[in-house]
Amino acid sequence: MTGLQTLPTFAPGSADWQEQRRTALGGSEIAAVLGLSPFESPFALWHRKAGLATPTEDKPEMEWGRRLESAICQKWLDDHAADAGHPAGYWESADQGHTWLRDGWKIASPDHMVQRYDIEQFDAHERGIVEVKHPLYDDGWGPSGSDQVPVYYLCQARWYMHVLDLQVCHFAVLIGGCDYREYTVSQDDADVQLMVEAGRRFLDSLTAGVRPPIDGSDATYQVVRALHPEIDPDHIEIDLTMARDMVDADRIAKEAAEHRQQMVSEVLD
């Protein structure tokens, strides 16, 4: 049994928005928890939740995505004769049947909630959500009409479906400003269980003050730099083991770059 309630809607990135999400996990964050997001790492997200790192800056592509969202979604609504389409707002889930889950830690903010009736395909109203995406390139996106979406967006869709107790998520995707595609994904209970367990461990680590390990992502690098503004760019003393590991990493990187250049030359030849 899942309780569901609406939450106030704040401007993305605002202080109220950050506080609302400080002890909860949304669909755009669960992929980061799992280490599957190209935009955020577990380490970076943990420090933002803990208030030790600044929120992610709003970028032009994010702003224009918000501006174009309604137009892209309207295209999907027009093509599918949806009975209703409206901004979904913010929702909070509380799992009453599982005492080990803290109430209110799972939130969802899908782009649109829709319902429709198609006599050829459905014997009842289909309730679901529509997620709007606007990538510059089609990396990770399969043919239009398939369920092949990038894994981090798949995590987001299934998290939203879990919180809202729905079974279908449609993607309306405009690639490069002119290539419109549609995708449909369904719920997967095994994925949901994995995400819920990982999310719970992540929030427990916040409470315990145990940060995730440093990884090789740019998001982690940027947070580490911000955490230590006193770093001297010219001189630093580290222990011998770390020094050897750093030298080895530089050697491996150089060898890999040379090998790739060799392979490029062979391919061109």
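The values are calculated or read from the model by the stated rules, or taken from the named source; none is laboratory data. Just so it is clear, the model here is predicted, and its values are computed rather than measured. Every residue, glycine as well, gets a Cβ built from its backbone with ideal geometry; the counts of neighbours run over all protein chains shown. To get the accessible areas, we keep the full protein, side chains included, count just its heavy atoms, and leave off ligands, DNA and RNA. Shrake-Rupley method; radii C 1.70, N 1.55, O 1.52, S 1.80 Å.
Here is a yes/no grid of residues against (1) within 14 Å of M113 (Cα to Cα); (2) modelled with pLDDT of 75 or more; (3) surrounded by fewer than 13 Cβ atoms within 10 Å (Cβ to Cβ):
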{"residue": "L52", "(1), (2), (3)": "no, yes, yes"}
{"residue": "T56", "(1), (2), (3)": "no, yes, no"}
{"residue": "M62", "(1), (2), (3)": "no, yes, no"}
{"residue": "R67", "(1), (2), (3)": "no, yes, yes"}
{"residue": "Q74", "(1), (2), (3)": "yes, yes, no"}
{"residue": "L77", "(1), (2), (3)": "yes, yes, no"}
{"residue": "A84", "(1), (2), (3)": "yes, no, yes"}
{"residue": "A88", "(1), (2), (3)": "yes, no, no"}
{"residue": "A94", "(1), (2), (3)": "no, no, no"}
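Out of all the residues in region 201-228, which are closer than 15 Å to A32 by Cα and either open to solvent by less than 70 Å² (accessible area, probe 1.4 Å) or in contact with a strand residue (DSSP E or B) (Cβ under 9 Å, 6 or more places away or on another chain) (or both)?
Scanning region 201-228 gives F202, L203, S205, L206, P212, D215, S217, A219, T220, V223.
Do we find that V264 is among the β-branched types (V, I, T) and more than 25 Å from F39 (Cβ to Cβ) in this structure? Explain how you work it out, then say what you get.
Numbers: among the β-branched types (V, I, T): yes; more than 25 Å from F39 (Cβ to Cβ): yes.
Yes, satisfied.
Being assigned to a loop (DSSP other than H, G, I, E, B) and at pLDDT 85 or above is the filter; apply it to region 100-115 and report the residue that is surrounded by the most Cβ atoms within 10 Å (Cβ to Cβ). Spell out how you get there, then give the answer.
As a first pass, look at region 100-115 and keep what is assigned to a loop (DSSP other than H, G, I, E, B): 100-105, 109-111.
Right, trim to at pLDDT 85 or above and you get 105, 109-111.
Values: W105: 17, S109: 20, P110: 26, D111: 21.
Top of the filtered list is P110.
Out of the residues in region 196-224 that are part of a helix (DSSP H, G or I) and β-branched (V, I, T), which is nearest to W76 (Cα to Cα)? Break it down into steps so the answer makes sense when it comes.
Initially, region 196-224 is screened for residues part of a helix (DSSP H, G or I), giving 196-208, 218-224.
Subsequent filtering for residues that are β-branched (V, I, T) retains 196, 207, 220, 223-224.
Values: V196: 30, T207: 42, T220: 36, V223: 38, V224: 41 Å.
This residue is V196.
Answer with yes or no whether L25 is modelled with pLDDT of 95 or more and either of a type in the set (A, V, I, L, M) or open to solvent by 60 Å² or more (accessible area, probe 1.4 Å) (or both).
Working: modelled with pLDDT of 95 or more: no; either of a type in the set (A, V, I, L, M) or open to solvent by 60 Å² or more (accessible area, probe 1.4 Å) (or both): yes.
Taking the combined requirement at face value, the residue does not satisfy it.
Only one of these is part of a helix (DSSP H, G or I), within 22 Å of L34 (Cα to Cα) and open to solvent by 70 Å² or more (accessible area, probe 1.4 Å): Q156, Q193. Name it. Give the derivation first.
Details: Q156 fails: open to solvent by 70 Å² or more (accessible area, probe 1.4 Å).
The match here is Q193.
Which of the residues belonging to region 134-152 are touching a residue at least 60 places away in the same chain (Cβ under 8 Å) and either buried (at least 20 other Cβ atoms within 10 Å of the Cβ) or not β-branched (V, I, T) (or both)? Break it down into steps so the answer makes sense when it comes.
Quick first cut of region 134-152, residues touching a residue at least 60 places away in the same chain (Cβ under 8 Å) only: 134, 136, 151-152.
Listed by number, the residues that qualify are H134, L136, Y152.
Determine which member of the set D204, D218 is touching a Ser or Thr at 6+ places or on another chain (Cβ under 9 Å) and free of Cβ contacts under 8 Å to residues at least 12 places away in the same chain. Before the answer, list the steps.
Details: D204 fails: touching a Ser or Thr at 6+ places or on another chain (Cβ under 9 Å).
The match here is D218.
Sort through L36, L45 and tell me the only one that's among the aliphatic types (A, V, I, L, M) and open to solvent by 50 Å² or more (accessible area, probe 1.4 Å).
On the way: L45 fails: open to solvent by 50 Å² or more (accessible area, probe 1.4 Å).
Just a single option satisfies the conditions, and that option is L36.
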